[in-house]
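Asker: Take a look at the following structure, please.
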Amino acid sequence: MKKKINLSIQKINGQAKITIRIPMDLENFFRTENPQRSIKWKGENGEGIEFYAQKDEWKSFLQNIHLPSEGCYYDDFGSFIIKDDNDNNTAILRTKGASEKRGVEMICDIGAMDVIKLESYIRAIGKIAKEAYKHFLQKVNIRTTITFEI
């Protein structure tokens, strides 16, 4: 099963212009009633981008996932894309409308963050999305045969 997430980041004067497009089944996984609007991540019109609320199963997944080469993961659409030098913000995956044909474009402050960190962030989001697919969306059949003697 091949899935494709398009994520691009352009660094412009201390801000990042981020474009994300995700498969419909991933957006459907995150979909909740009453999306919330970010005050940090904004559209080109200046309005906050809408994000689906975090589900408990996603929170638990992020607390328990360990991908050592990518640092830690957290989810907060009111925070930076990377904090504390190596904590990657996964909130971008919960962006409302990200599965639409054009995806969603947003702008957020990144300060003096270097290009290497931005590249690392893109890789980290790709890896966590792949793990989310395996954990929540991939069809799994588990079978066993138990034989015993009496």
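Asker: Determine whether GLU105 is closer than 25 Å to GLN36 by Cα, of a type outside the set (Lys, Arg) and in a loop (DSSP other than H, G, I, E, B). Full working, then the answer.
Answerer: Details: closer than 25 Å to GLN36 by Cα: yes; of a type outside the set (Lys, Arg): yes; in a loop (DSSP other than H, G, I, E, B): no.
Considered against the rule, which asks whether it is closer than 25 Å to GLN36 by Cα, of a type outside the set (Lys, Arg) and in a loop (DSSP other than H, G, I, E, B), GLU105 comes out as no.
Asker: In addition: Give the residues of segment 1-40 that are buried (at least 17 other Cβ atoms within 10 Å of the Cβ), β-branched (Val, Ile, Thr) and either at positive phi or not in a loop (DSSP other than H, G, I, E, B) (or both), sorted by residue number.
Answerer: ILE9, ILE18, ILE20
Asker: Still on this structure, I have one more. Take segment 113-122 and flag every residue that is surrounded by 10 or more Cβ atoms within 10 Å (Cβ to Cβ) and either of a type in the set (A, V, I, L, M) or without any contact (Cβ under 8 Å) to a residue 40 or more places away in the chain (or both). Quick ask: steps written out before the conclusion?
Answerer: If we filter segment 113-122 for residues that are surrounded by 10 or more Cβ atoms within 10 Å (Cβ to Cβ), which is where we start, we get 113-114, 117-122.
Within segment 113-122, MET113, ASP114, LYS117, LEU118, GLU119, ILE122 meet the criteria.
Asker: Every residue in segment 81-96 that is among the basic types (Lys, Arg) and farther than 16 Å from ILE107 by Cα, please. Before the answer, list the steps.
Answerer: Here is the first cut: in segment 81-96, the residues among the basic types (Lys, Arg) are 83, 94, 96.
Matches in segment 81-96: LYS83 only.
Asker: OK, next. Could you count how many residues in segment 10-27 are closer than 15 Å to GLU44 by Cβ and modelled with pLDDT of 90 or more?
Answerer: Going through segment 10-27 one residue at a time, the tally reaches 7.
Asker: Which one of these is in contact with a strand residue (DSSP E or B) (Cβ under 9 Å, 6 or more places away or on another chain) and basic (Lys, Arg): LYS130, LYS96, LYS134? Talk me through it step by step, then tell me what you get.
Answerer: On the way: LYS130 fails: in contact with a strand residue (DSSP E or B) (Cβ under 9 Å, 6 or more places away or on another chain); LYS134 fails: in contact with a strand residue (DSSP E or B) (Cβ under 9 Å, 6 or more places away or on another chain).
Of LYS130, LYS96, LYS134, the one residue that is in contact with a strand residue (DSSP E or B) (Cβ under 9 Å, 6 or more places away or on another chain) and basic (Lys, Arg) is LYS96.
Asker: When only residues in segment 9-27 that are in contact (Cβ under 8 Å) with a residue 40 or more places away in the chain and among the polar types (S, T, N, Q) count, which is nearest to ALA129 (Cα to Cα)? Steps first, please.
Answerer: As a first pass, look at segment 9-27 and keep what is in contact (Cβ under 8 Å) with a residue 40 or more places away in the chain: 9, 11, 14-27.
So of that shortlist, the ones also among the polar types (S, T, N, Q) come out as 15, 19.
Values: GLN15: 24, THR19: 16 Å.
Taking the candidates together, the pick is THR19.
Asker: Does any residue of segment 57-70 turn out to be assigned to a strand (DSSP E or B) and modelled with pLDDT under 90? Please lay out each step first, then the result.
Answerer: In the first step, residues of segment 57-70 are kept if they are assigned to a strand (DSSP E or B); the result is none.
Within segment 57-70, none of the residues are assigned to a strand (DSSP E or B) and modelled with pLDDT under 90.
Asker: Within segment 40-49, does at least one residue satisfy the condition of being touching a residue at least 40 places away in the same chain (Cβ under 8 Å), more than 14 Å from ASP109 (Cβ to Cβ) and touching a Gly at 6+ places or on another chain (Cβ under 8 Å)? Even if it seems obvious, please write down each step before you answer.
Answerer: Our first condition is that a residue be touching a residue at least 40 places away in the same chain (Cβ under 8 Å); within segment 40-49, this holds for 40-44, 49.
Pick out the ones that are also more than 14 Å from ASP109 (Cβ to Cβ) and you get 43-44.
Those left that are additionally touching a Gly at 6+ places or on another chain (Cβ under 8 Å): none.
Looking through segment 40-49, none of the residues is touching a residue at least 40 places away in the same chain (Cβ under 8 Å), more than 14 Å from ASP109 (Cβ to Cβ) and touching a Gly at 6+ places or on another chain (Cβ under 8 Å).
Asker: Only one residue in ILE110, ILE82, ILE125, ILE92 is of a type in the set (Val, Ile, Thr), surrounded by 10 or more Cβ atoms within 10 Å (Cβ to Cβ), closer than 20 Å to HIS66 by Cβ and in contact (Cβ under 8 Å) with a residue 60 or more places away in the chain, so which one is that?
Answerer: Working: ILE110 fails: closer than 20 Å to HIS66 by Cβ; ILE82 fails: in contact (Cβ under 8 Å) with a residue 60 or more places away in the chain; ILE92 fails: closer than 20 Å to HIS66 by Cβ.
When all the criteria are applied, what remains is ILE125.
The values are calculated or read from the model by the stated rules, or taken from the named source; none is laboratory data. Here the structure is a predicted model, which is why all the values come from computation and not from measurement. As a convention, Cβ positions derive from the backbone with ideal geometry for all residues, glycine included, and neighbour counts pool all protein chains shown.
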